[in-house]
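Input: a single structure, listed below in structure tokens.
The values are calculated or read from the model by the stated rules, or taken from the named source; none is laboratory data. Predicted model, so just to flag it, every value in this text is computed and none were measured. Here the Cβ is made from the backbone with ideal geometry for all residues, glycine too, and neighbour counts use every protein chain on show. Ligands, DNA and RNA are stripped out before the accessible areas are found, and what is left, the full protein with its side chains, is counted by its heavy atoms. Shrake-Rupley method; radii C 1.70, N 1.55, O 1.52, S 1.80 Å.
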Amino acid sequence: MTTAILSALPEEQGSLVSALQAPERIEHAARTFWRGRLHGHDVVLALSGIGKVAAATTAAALAERFAVRRMVFTGVAGGIGDGVQVGDVVVARDYLQHDMDASPIFERWLVPGHAGVCMACDAPLTAILLEACSACLAGFSAGFDHESESAPQAARLHHGLMVSGDRFVSTAAESQRLRAELLAAGHDALAVEMEGAAVAQVCRDYGLPFAAVRTISDRADDSAHVDFPHFVRHVAGPRADAIIHRLLQLL
Ligand code: SAH
């Protein structure tokens, strides 16, 4: 059974490519895929690029061309939930597309043709991902806090709703509005990013198990554009390495 490990950006892939046994580089659909073996598993490492369409194209290629049987996304996200801080880790329970709006014909955020607004991740695969993350957590300190001079707090693990849309959320006003509108409809979103919900939708269509983990790189606020690049450069890679190695050992 081949497992796909997806990330949006090369930094979010860490050094997984160099850890592959029998690596094979494949150029397809304007993307680079790496096939190989890791901890006894057949894997394909893929970079989606940024945004929902890019991620959906990558996920469809993984299903069709590479015949993968499950997908795991690893990357970074903006924290919007209460107490979801830079350096924390969020494992998705389910996903919603926060920029999908065909109201008043359809319920806001519903992808027409799907049963509900939230798309659930695969429970058994997510449970193993949670176990991998908690095993790694002791080794993680919070990534970066530009406001505080004090020692960083220990990173925490969260599990819940993640939301995706084709926007880098980078003002406190926008992230507060996003969170408040979702909360008013009963959706307690922990983090915002730009790809996961698209991969969840493709995996649902193909009947493939999907799980996702994101390390919080910024608070989706006015300093997000400062925090994000720093975090991606220095913290995202080692996090992906630790979590994915542990996950594959547990699978
Ligand atoms: N200009 C940036 C673009 C980054 S987009 C660049 O250097 O390439 C942000 C990426 O990180 C996306 O892949 C998204 O999934 C994730 N992300 C992190 N913080 C985010 C936020 N606050 N809002 C939306 N996506 C975020």
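Screening the range 206-217 for residues that are of a type outside the set (A, V, I, L, M) and either assigned to a helix (DSSP H, G or I) or more than 14 Å from the chain's Cα centre (by Cα) (or both) and picking the one that is farthest from the ligand (Cβ to nearest atom) gives 207. Taking residue 42 as the residue in question, decide whether it is more than 15 Å from the chain's Cα centre (by Cα) and either of a type in the set (Gly, Ala, Ser) or outside any strand (DSSP E or B) (or both). So residue 42 fails the test. Scanning the range 97-128 for residues that are in contact with a helix residue (DSSP H, G or I) (Cβ under 6 Å, 6 or more places away or on another chain) and aliphatic (A, V, I, L, M) returns 119, 128. Please verify whether residue 221 is within 13 Å of the ligand (Cβ to nearest atom), of a type in the set (Asp, Glu), open to solvent by less than 10 Å² (accessible area, probe 1.4 Å) and in contact with a strand residue (DSSP E or B) (Cβ under 9 Å, 6 or more places away or on another chain), treating the condition exactly as stated. For residue 221, the condition - within 13 Å of the ligand (Cβ to nearest atom), of a type in the set (Asp, Glu), open to solvent by less than 10 Å² (accessible area, probe 1.4 Å) and in contact with a strand residue (DSSP E or B) (Cβ under 9 Å, 6 or more places away or on another chain) - is not met.
Scanning the range 5-33 for residues that are open to solvent by less than 60 Å² (accessible area, probe 1.4 Å) and either more than 16 Å from the ligand (Cβ to nearest atom) or among the polar types (S, T, N, Q) (or both) turns up 7, 13, 15, 16, 17, 19, 20, 26, 28, 29, 32, 33. Only one of the numbered conditions (1) open to solvent by 40 Å² or more (accessible area, probe 1.4 Å); (2) within 16 Å of the ligand (Cβ to nearest atom); (3) within 28 Å of residue 68 (Cβ to Cβ) is violated by residue 199, and that is (1).
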